[in-house]
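The values are calculated or read from the model by the stated rules, or taken from the named source; none is laboratory data. Model, not experiment: these values are computed from the prediction. When we count neighbours, we look across all protein chains shown, and the Cβ atoms used for this are built from the backbone with ideal geometry, even at glycine.
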(Lines give C-alpha, C1' and ligand atoms only; values in the text may rest on other atoms or scores of the structure.)
Protein backbone atom coordinates (compact mmCIF):
# COMPACT_ATOMS: atom_id res chain seq x y z
CA UNK A 1 0.00 0.00 0.00
CA UNK A 2 1.17 3.50 -0.79
CA UNK A 3 -0.22 6.85 0.32
CA UNK A 4 -1.49 8.52 -2.85
CA UNK A 5 -4.62 10.53 -3.60
CA UNK A 6 -5.84 7.74 -5.91
CA UNK A 7 -5.69 5.25 -3.07
CA UNK A 8 -7.85 7.15 -0.57
CA UNK A 9 -10.52 4.82 0.82
CA UNK A 10 -13.98 5.77 1.99
CA UNK A 11 -13.40 3.51 4.97
CA UNK A 12 -10.77 1.23 6.43
CA UNK A 13 -11.83 -1.53 8.81
CA UNK A 14 -9.30 -2.60 11.44
CA UNK A 15 -9.93 -6.11 12.70
CA UNK A 16 -11.82 -8.82 10.81
CA UNK A 17 -14.18 -10.49 13.22
CA UNK A 18 -17.91 -11.08 12.70
CA UNK A 19 -18.68 -7.35 13.00
CA UNK A 20 -16.32 -5.97 10.38
CA UNK A 21 -16.87 -9.07 8.24
CA UNK A 22 -20.57 -8.13 8.22
CA UNK A 23 -19.61 -4.60 7.20
CA UNK A 24 -17.48 -5.93 4.33
CA UNK A 25 -20.27 -8.29 3.22
CA UNK A 26 -22.81 -5.46 3.14
CA UNK A 27 -20.38 -3.23 1.22
CA UNK A 28 -19.78 -5.92 -1.41
CA UNK A 29 -22.86 -5.05 -3.56
CA UNK A 30 -21.95 -1.33 -3.39
CA UNK A 31 -18.56 -1.09 -5.05
CA UNK A 32 -18.81 2.70 -5.31
CA UNK A 33 -18.04 2.83 -1.59
CA UNK A 34 -14.36 1.98 -1.41
CA UNK A 35 -13.35 -0.04 1.62
CA UNK A 36 -10.47 -2.17 2.76
CA UNK A 37 -10.11 -4.33 5.87
CA UNK A 38 -7.01 -5.43 7.79
CA UNK A 39 -6.31 -8.03 10.48
CA UNK A 40 -3.05 -9.11 12.07
CA UNK A 41 -4.03 -12.80 12.10
CA UNK A 42 -3.06 -15.07 9.23
CA UNK A 43 -6.67 -16.16 8.65
CA UNK A 44 -10.18 -15.82 10.05
CA UNK A 45 -10.86 -17.90 13.14
CA UNK A 46 -13.78 -17.28 15.48
CA UNK A 47 -12.83 -17.99 19.11
CA UNK A 48 -10.63 -20.89 18.05
CA UNK A 49 -9.63 -21.60 21.66
CA UNK A 50 -13.26 -22.33 22.49
CA UNK A 51 -14.41 -24.19 19.37
CA UNK A 52 -15.67 -27.09 21.46
CA UNK A 53 -17.39 -30.01 19.68
CA UNK A 54 -20.91 -29.32 21.01
CA UNK A 55 -20.71 -25.51 21.39
CA UNK A 56 -23.73 -23.90 19.75
CA UNK A 57 -24.93 -20.42 18.93
CA UNK A 58 -27.16 -18.66 21.44
CA UNK A 59 -28.88 -16.73 18.63
CA UNK A 60 -30.96 -17.85 15.60
CA UNK A 61 -28.97 -18.56 12.44
CA UNK A 62 -30.81 -15.77 10.60
CA UNK A 63 -28.73 -13.40 12.71
CA UNK A 64 -25.90 -13.94 10.26
CA UNK A 65 -23.70 -11.38 8.49
CA UNK A 66 -26.39 -9.80 6.33
CA UNK A 67 -29.94 -11.15 6.61
CA UNK A 68 -31.29 -8.59 9.07
CA UNK A 69 -30.96 -5.78 6.51
CA UNK A 70 -30.30 -7.59 3.20
CA UNK A 71 -31.77 -11.12 3.17
CA UNK A 72 -31.10 -11.52 -0.56
CA UNK A 73 -27.39 -10.90 -0.10
CA UNK A 74 -25.23 -13.69 -1.57
CA UNK A 75 -23.30 -13.96 1.70
CA UNK A 76 -26.17 -15.08 3.91
CA UNK A 77 -25.99 -18.28 5.96
CA UNK A 78 -28.72 -19.81 3.80
CA UNK A 79 -26.64 -19.03 0.70
CA UNK A 80 -23.71 -20.80 2.35
CA UNK A 81 -25.87 -23.88 2.94
CA UNK A 82 -27.10 -23.85 -0.66
CA UNK A 83 -23.60 -23.34 -2.04
CA UNK A 84 -22.36 -26.36 -0.11
CA UNK A 85 -25.49 -28.41 -0.90
CA UNK A 86 -26.41 -28.76 2.76
CA UNK A 87 -29.74 -26.94 2.91
CA UNK A 88 -32.15 -29.90 2.83
CA UNK A 89 -30.07 -31.96 5.24
CA UNK A 90 -29.72 -28.94 7.51
CA UNK A 91 -33.50 -28.56 7.55
CA UNK A 92 -34.02 -32.26 8.21
CA UNK A 93 -31.51 -32.25 11.07
CA UNK A 94 -33.76 -29.76 12.89
CA UNK A 95 -30.94 -28.38 15.01
CA UNK A 96 -32.24 -26.39 17.99
CA UNK A 97 -29.19 -24.15 17.51
CA UNK A 98 -26.43 -24.10 14.90
CA UNK A 99 -23.06 -25.48 15.97
CA UNK A 100 -20.45 -22.74 16.29
CA UNK A 101 -18.07 -24.86 14.20
CA UNK A 102 -20.49 -24.63 11.26
CA UNK A 103 -20.94 -20.90 11.72
CA UNK A 104 -17.17 -20.53 11.73
CA UNK A 105 -17.11 -22.41 8.41
CA UNK A 106 -19.72 -19.96 7.13
CA UNK A 107 -17.65 -16.97 8.22
CA UNK A 108 -14.52 -18.39 6.59
CA UNK A 109 -16.45 -19.07 3.36
CA UNK A 110 -17.68 -15.45 3.37
CA UNK A 111 -14.07 -14.26 3.75
CA UNK A 112 -13.15 -16.15 0.58
CA UNK A 113 -15.79 -14.21 -1.38
CA UNK A 114 -14.58 -10.74 -0.36
CA UNK A 115 -11.37 -9.51 -2.02
CA UNK A 116 -11.04 -6.43 0.21
CA UNK A 117 -9.89 -8.41 3.26
CA UNK A 118 -6.18 -8.41 4.02
CA UNK A 119 -4.83 -10.73 6.72
CA UNK A 120 -1.27 -10.77 8.07
CA UNK A 121 -1.51 -6.97 8.35
CA UNK A 122 -0.73 -5.68 11.82
CA UNK A 123 -1.85 -2.07 12.22
CA UNK A 124 0.70 0.04 14.09
CA UNK A 125 -0.84 3.53 14.13
CA UNK A 126 -3.75 5.71 13.06
CA UNK A 127 -2.97 9.41 12.68
CA UNK A 128 -4.03 12.51 10.76
CA UNK A 129 -2.15 13.77 7.73
CA UNK A 130 -3.37 16.31 5.22
CA UNK A 131 -6.92 16.27 6.56
CA UNK A 132 -7.23 12.49 6.21
CA UNK A 133 -6.90 9.54 8.54
CA UNK A 134 -3.73 7.60 7.78
CA UNK A 135 -3.48 3.94 8.78
CA UNK A 136 0.05 2.54 9.00
CA UNK A 137 1.01 -1.06 9.52
CA UNK A 138 3.11 -3.99 8.45
CA UNK A 139 1.48 -3.95 5.01
CA UNK A 140 2.20 -0.29 4.30
CA UNK A 141 0.21 2.92 4.57
CA UNK A 142 -3.40 3.58 3.67
CA UNK A 143 -5.23 6.93 3.61
CA UNK A 144 -8.94 6.97 4.35
CA UNK A 145 -11.78 9.30 5.23
CA UNK A 146 -13.18 6.94 7.85
CA UNK A 147 -11.97 4.14 10.08
CA UNK A 148 -14.13 1.37 11.57
CA UNK A 149 -12.72 -0.31 14.67
CA UNK A 150 -13.54 -4.01 14.89
CA UNK A 151 -10.71 -5.28 17.03
CA UNK A 152 -13.03 -6.98 19.50
CA UNK A 153 -12.77 -7.38 23.23
CA UNK A 154 -9.82 -8.67 25.21
CA UNK A 155 -9.77 -11.40 27.89
CA UNK A 156 -10.71 -10.17 31.36
CA UNK A 157 -8.67 -11.80 34.13
CA UNK A 158 -9.08 -11.37 37.92
CA UNK A 159 -6.29 -9.25 39.37
CA UNK A 160 -5.12 -12.03 41.70
CA UNK A 161 -4.58 -14.36 38.72
CA UNK A 162 -2.86 -12.00 36.27
CA UNK A 163 0.70 -12.55 37.57
CA UNK A 164 0.32 -16.32 37.13
CA UNK A 165 -1.09 -16.62 33.61
CA UNK A 166 0.54 -19.44 31.68
CA UNK A 167 -0.03 -22.94 30.38
CA UNK A 168 -1.85 -24.37 33.41
CA UNK A 169 -3.57 -21.22 34.65
CA UNK A 170 -5.16 -19.70 31.60
CA UNK A 171 -8.04 -17.68 30.26
CA UNK A 172 -10.72 -19.73 28.50
CA UNK A 173 -9.81 -18.13 25.17
CA UNK A 174 -6.67 -20.32 25.26
CA UNK A 175 -8.40 -23.49 26.45
CA UNK A 176 -8.14 -25.62 23.30
CA UNK A 177 -4.99 -23.89 22.04
CA UNK A 178 -3.01 -24.98 25.10
CA UNK A 179 -4.40 -28.52 24.87
CA UNK A 180 -3.61 -29.35 28.50
CA UNK A 181 -3.87 -33.06 29.34
CA UNK A 182 -6.46 -33.26 32.13
CA UNK A 183 -6.78 -37.00 32.74
CA UNK A 184 -6.32 -37.69 36.46
CA UNK A 185 -5.68 -33.97 37.11
CA UNK A 186 -7.44 -31.59 39.49
CA UNK A 187 -9.19 -28.95 37.36
CA UNK A 188 -10.99 -25.78 38.45
CA UNK A 189 -13.27 -23.80 36.15
CA UNK A 190 -13.90 -20.22 37.28
CA UNK A 191 -16.93 -18.42 35.84
CA UNK A 192 -20.64 -19.22 35.80
CA UNK A 193 -21.64 -18.04 32.34
CA UNK A 194 -22.02 -19.87 29.03
CA UNK A 195 -18.28 -20.34 28.54
CA UNK A 196 -17.80 -21.80 32.00
CA UNK A 197 -20.66 -24.21 31.35
CA UNK A 198 -19.22 -25.29 28.00
CA UNK A 199 -15.77 -25.91 29.44
CA UNK A 200 -17.19 -27.83 32.42
CA UNK A 201 -19.28 -29.97 30.09
CA UNK A 202 -16.25 -30.68 27.90
CA UNK A 203 -14.13 -31.71 30.88
CA UNK A 204 -16.66 -34.29 32.08
CA UNK A 205 -17.70 -35.61 28.66
CA UNK A 206 -15.08 -38.34 28.09
CA UNK A 207 -15.59 -41.15 30.60
CA UNK A 208 -12.27 -42.78 29.66
CA UNK A 209 -10.15 -39.65 30.17
CA UNK A 210 -11.74 -37.92 33.14
CA UNK A 211 -9.91 -35.58 35.50
CA UNK A 212 -9.46 -36.68 39.10
CA UNK A 213 -11.68 -33.79 40.12
CA UNK A 214 -13.48 -30.86 38.51
CA UNK A 215 -14.72 -27.85 40.45
CA UNK A 216 -16.98 -25.27 38.82
CA UNK A 217 -16.87 -21.95 40.68
CA UNK A 218 -19.11 -18.94 40.09
CA UNK A 219 -19.72 -15.61 41.81
CA UNK A 220 -23.42 -15.95 40.97
CA UNK A 221 -25.60 -17.63 43.53
CA UNK A 222 -26.59 -20.37 41.12
CA UNK A 223 -25.92 -21.55 37.58
CA UNK A 224 -28.60 -19.45 35.94
CA UNK A 225 -30.21 -19.95 32.52
CA UNK A 226 -30.24 -17.45 29.70
CA UNK A 227 -33.59 -15.70 29.42
CA UNK A 228 -34.62 -16.49 25.84
CA UNK A 229 -38.28 -15.51 26.09
CA UNK A 230 -39.88 -13.53 23.27
CA UNK A 231 -40.33 -10.33 25.24
CA UNK A 232 -36.78 -10.46 26.55
CA UNK A 233 -35.60 -10.78 22.95
CA UNK A 234 -37.24 -7.40 22.32
CA UNK A 235 -34.13 -6.03 24.05
CA UNK A 236 -32.23 -7.13 20.94
CA UNK A 237 -34.08 -4.84 18.55
CA UNK A 238 -33.03 -1.56 16.91
CA UNK A 239 -35.91 0.22 18.66
CA UNK A 240 -34.72 -0.78 22.11
CA UNK A 241 -31.11 0.03 21.27
CA UNK A 242 -32.15 3.55 20.27
CA UNK A 243 -34.37 3.89 23.34
CA UNK A 244 -31.55 2.74 25.64
CA UNK A 245 -29.18 5.22 23.99
CA UNK A 246 -31.48 8.09 24.96
CA UNK A 247 -31.56 7.24 28.68
CA UNK A 248 -29.42 8.82 31.35
CA UNK A 249 -26.17 7.16 32.36
CA UNK A 250 -27.65 6.18 35.74
CA UNK A 251 -30.72 4.60 34.13
CA UNK A 252 -28.59 2.67 31.64
CA UNK A 253 -26.32 1.32 34.36
CA UNK A 254 -29.32 0.11 36.38
CA UNK A 255 -30.89 -1.61 33.38
CA UNK A 256 -27.67 -3.37 32.44
CA UNK A 257 -27.47 -4.86 35.93
CA UNK A 258 -31.12 -5.96 35.77
CA UNK A 259 -30.69 -7.53 32.33
CA UNK A 260 -27.59 -9.59 33.13
CA UNK A 261 -29.26 -12.95 32.44
CA UNK A 262 -30.78 -11.71 29.20
CA UNK A 263 -27.27 -11.67 27.73
CA UNK A 264 -24.96 -13.70 29.94
CA UNK A 265 -26.95 -16.70 31.15
CA UNK A 266 -26.41 -20.32 30.19
CA UNK A 267 -28.43 -22.01 27.46
CA UNK A 268 -31.15 -24.04 29.25
CA UNK A 269 -30.43 -27.09 27.09
CA UNK A 270 -26.75 -26.99 28.12
CA UNK A 271 -27.66 -26.74 31.81
CA UNK A 272 -29.94 -29.73 31.44
CA UNK A 273 -27.24 -31.70 29.62
CA UNK A 274 -24.71 -30.95 32.38
CA UNK A 275 -27.13 -31.92 35.14
CA UNK A 276 -27.92 -35.21 33.41
CA UNK A 277 -24.22 -35.95 32.92
CA UNK A 278 -23.46 -35.27 36.58
CA UNK A 279 -26.35 -37.58 37.51
CA UNK A 280 -25.00 -40.27 35.18
CA UNK A 281 -21.45 -40.04 36.53
CA UNK A 282 -22.50 -40.11 40.16
CA UNK A 283 -25.50 -42.42 40.22
CA UNK A 284 -25.29 -44.68 37.17
CA UNK A 285 -21.58 -45.11 36.51
CA UNK A 286 -20.35 -44.46 40.02
CA UNK A 287 -17.37 -42.69 38.49
CA UNK A 288 -14.59 -41.71 40.92
CA UNK A 289 -14.15 -38.23 39.41
CA UNK A 290 -14.86 -35.81 42.26
CA UNK A 291 -17.27 -33.13 41.02
CA UNK A 292 -17.82 -29.86 42.91
CA UNK A 293 -20.35 -27.28 41.79
CA UNK A 294 -19.66 -24.18 43.86
CA UNK A 295 -21.71 -21.07 43.07
CA UNK A 296 -21.70 -18.00 45.32
CA UNK A 297 -17.90 -17.90 45.53
CA UNK A 298 -15.38 -15.33 44.34
CA UNK A 299 -11.78 -16.11 43.50
CA UNK A 300 -9.76 -13.78 45.75
CA UNK A 301 -6.23 -15.23 45.79
CA UNK A 302 -3.92 -17.51 43.80
CA UNK A 303 -0.55 -18.90 44.87
CA UNK A 304 1.81 -21.65 43.74
CA UNK A 305 1.44 -24.97 45.51
CA UNK A 306 3.78 -27.92 44.84
CA UNK A 307 3.72 -27.58 41.06
CA UNK A 308 0.03 -26.72 41.07
CA UNK A 309 -2.19 -23.93 42.32
CA UNK A 310 -3.71 -22.99 45.65
CA UNK A 311 -6.90 -21.00 45.19
CA UNK A 312 -8.70 -19.03 47.85
CA UNK A 313 -12.44 -18.50 47.46
CA UNK A 314 -14.69 -16.17 49.40
CA UNK A 315 -18.25 -17.33 50.05
CA UNK A 316 -20.61 -14.49 49.16
CA UNK A 317 -23.13 -14.84 51.99
CA UNK A 318 -21.04 -16.06 54.91
CA UNK A 319 -17.74 -14.40 54.03
CA UNK A 320 -15.97 -17.67 54.88
CA UNK A 321 -12.71 -18.30 52.99
CA UNK A 322 -12.36 -21.69 51.29
CA UNK A 323 -9.22 -23.37 49.93
CA UNK A 324 -9.11 -25.25 46.64
CA UNK A 325 -6.10 -26.98 45.08
CA UNK A 326 -5.73 -27.45 41.34
CA UNK A 327 -3.35 -28.64 38.66
CA UNK A 328 -5.18 -26.73 35.91
CA UNK A 329 -7.26 -23.55 36.28
CA UNK A 330 -9.47 -22.27 33.44
CA UNK A 331 -10.66 -18.67 33.86
CA UNK A 332 -14.01 -18.25 32.11
CA UNK A 333 -14.15 -14.66 33.31
CA UNK A 334 -15.31 -12.86 30.19
CA UNK A 335 -13.95 -10.03 28.10
CA UNK A 336 -13.74 -6.27 28.17
CA UNK A 337 -12.90 -3.55 25.68
CA UNK A 338 -9.62 -1.64 25.69
CA UNK A 339 -8.58 1.17 23.42
CA UNK A 340 -6.18 -0.29 20.81
CA UNK A 341 -2.58 0.90 21.10
CA UNK A 342 -2.55 1.95 17.43
CA UNK A 343 -4.85 4.86 18.40
CA UNK A 344 -2.18 6.34 20.68
CA UNK A 345 -1.27 9.16 18.22
CA UNK A 346 -4.83 10.54 18.41
CA UNK A 347 -5.99 9.15 21.78
CA UNK A 348 -5.93 12.59 23.37
CA UNK A 349 -8.49 13.84 20.85
CA UNK A 350 -11.03 11.07 21.53
CA UNK A 351 -13.86 11.46 24.07
CA UNK A 352 -14.17 8.61 26.57
CA UNK A 353 -16.23 7.93 29.67
CA UNK A 354 -14.98 5.39 32.22
CA UNK A 355 -12.78 3.76 29.58
CA UNK A 356 -15.49 3.52 26.91
CA UNK A 357 -15.64 5.59 23.73
CA UNK A 358 -18.44 8.16 23.68
CA UNK A 359 -20.42 7.37 20.53
CA UNK A 360 -23.00 9.22 18.48
CA UNK A 361 -26.17 7.69 17.03
CA UNK A 362 -24.30 6.48 13.92
CA UNK A 363 -21.70 4.69 16.09
CA UNK A 364 -19.01 7.25 15.32
CA UNK A 365 -16.71 8.23 18.18
CA UNK A 366 -16.84 11.80 19.39
CA UNK A 367 -13.49 13.47 18.81
CA UNK A 368 -12.00 16.77 17.67
CA UNK A 369 -10.44 15.53 14.42
CA UNK A 370 -11.18 16.77 10.89
CA UNK A 371 -14.90 17.30 10.37
CA UNK A 372 -15.03 15.03 7.31
CA UNK A 373 -13.22 12.16 9.02
CA UNK A 374 -14.95 9.77 11.39
CA UNK A 375 -13.93 6.82 13.50
CA UNK A 376 -16.67 4.24 14.03
CA UNK A 377 -16.61 1.48 16.60
CA UNK A 378 -18.15 -2.00 16.72
CA UNK A 379 -18.93 -3.99 19.88
CA UNK A 380 -17.59 -1.33 22.24
CA UNK A 381 -20.61 0.70 23.39
CA UNK A 382 -22.48 -1.64 25.70
CA UNK A 383 -23.04 0.97 28.40
CA UNK A 384 -24.53 3.34 25.79
CA UNK A 385 -26.32 0.89 23.48
CA UNK A 386 -27.36 -1.92 25.81
CA UNK A 387 -26.82 -5.66 26.08
CA UNK A 388 -27.26 -6.20 22.33
CA UNK A 389 -24.14 -4.23 21.44
CA UNK A 390 -21.56 -7.06 21.80
CA UNK A 391 -24.08 -9.66 20.62
CA UNK A 392 -24.29 -11.05 17.07
CA UNK A 393 -27.96 -10.13 16.68
CA UNK A 394 -27.83 -6.46 15.65
CA UNK A 395 -24.48 -6.44 13.85
CA UNK A 396 -25.92 -6.08 10.30
CA UNK A 397 -28.23 -3.26 11.39
CA UNK A 398 -25.35 -1.42 13.04
CA UNK A 399 -23.17 -1.94 9.95
CA UNK A 400 -25.96 -0.62 7.73
CA UNK A 401 -26.11 2.50 9.88
CA UNK A 402 -22.37 2.94 9.56
CA UNK A 403 -22.53 2.50 5.77
CA UNK A 404 -25.35 5.06 5.49
CA UNK A 405 -23.32 7.51 7.56
CA UNK A 406 -20.17 7.00 5.48
CA UNK A 407 -22.12 7.37 2.21
CA UNK A 408 -24.20 10.34 3.46
CA UNK A 409 -27.30 8.65 2.06
CA UNK A 410 -29.63 5.74 2.74
CA UNK A 411 -27.77 2.87 1.11
CA UNK A 412 -29.71 0.49 3.35
CA UNK A 413 -33.20 0.87 4.78
CA UNK A 414 -32.71 0.79 8.54
CA UNK A 415 -36.26 1.84 9.40
CA UNK A 416 -38.19 -0.91 11.14
CA UNK A 417 -41.85 -1.39 12.10
CA UNK A 418 -43.10 -0.23 15.48
CA UNK A 419 -42.09 -2.73 18.20
CA UNK A 420 -44.57 -4.87 20.11
CA UNK A 421 -43.34 -3.22 23.30
CA UNK A 422 -43.64 0.56 23.70
CA UNK A 423 -40.45 1.45 25.52
CA UNK A 424 -40.76 5.22 25.32
CA UNK A 425 -43.66 6.81 27.21
CA UNK A 426 -44.03 9.40 24.46
CA UNK A 427 -44.95 6.68 21.97
CA UNK A 428 -48.55 6.55 23.28
CA UNK A 429 -49.34 10.10 22.30
CA UNK A 430 -47.37 10.02 19.06
CA UNK A 431 -48.81 6.74 17.78
CA UNK A 432 -52.38 7.38 18.87
CA UNK A 433 -52.68 3.68 19.59
CA UNK A 434 -55.82 3.99 21.70
CA UNK A 435 -58.10 6.85 22.81
CA UNK A 436 -57.93 5.42 26.34
CA UNK A 437 -54.16 5.90 26.55
CA UNK A 438 -53.19 9.40 27.60
CA UNK A 439 -50.09 10.99 29.04
CA UNK A 440 -50.53 11.51 32.78
CA UNK A 441 -50.32 15.11 33.96
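Annotations
- When the test is whether a residue is out of contact with any helix residue (DSSP H, G or I) (no Cβ under 6 Å at 6 or more places or on another chain) and within 23 Å of residue 399 (Cα to Cα), residue 134 passes it.
- Subset of the stretch 289-316 (residues that are without any contact (Cβ under 8 Å) to a residue 40 or more places away in the chain and assigned to a loop (DSSP other than H, G, I, E, B)): 306, 307
- Residues in the stretch 317-354 that are assigned to a strand (DSSP E or B) and over 30 Å from residue 367 (Cβ atoms): 321, 322, 323, 324, 325, 326, 328, 329, 330, 331.
- Any hit, the stretch 207-218, residues being in contact (Cβ under 8 Å) with a residue 12 or more places away in the chain and part of a helix (DSSP H, G or I): yes
- The criterion of being at pLDDT below 95 and in the same structural domain as residue 148 (by TED's automatic domain parsing) does not hold for residue 361.
Rundown of residues vs (1) farther than 23 Å from residue 16 by Cα; (2) surrounded by fewer than 15 Cβ atoms within 10 Å (Cβ to Cβ); (3) at pLDDT below 95, yes/no style:
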position: 365; (1), (2), (3): no, no, no
position: 375; (1), (2), (3): no, no, no
position: 390; (1), (2), (3): no, no, yes
position: 393; (1), (2), (3): no, no, yes
position: 406; (1), (2), (3): no, no, no
position: 415; (1), (2), (3): yes, yes, yes
position: 422; (1), (2), (3): yes, no, yes
position: 433; (1), (2), (3): yes, yes, yes
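- For the stretch 137-172, a residue qualifies if it is free of Cβ contacts under 8 Å to residues at least 40 places away in the same chain and either in contact with a helix residue (DSSP H, G or I) (Cβ under 6 Å, 6 or more places away or on another chain) or farther than 25 Å from residue 49 by Cβ (or both), and exactly one does: 167.
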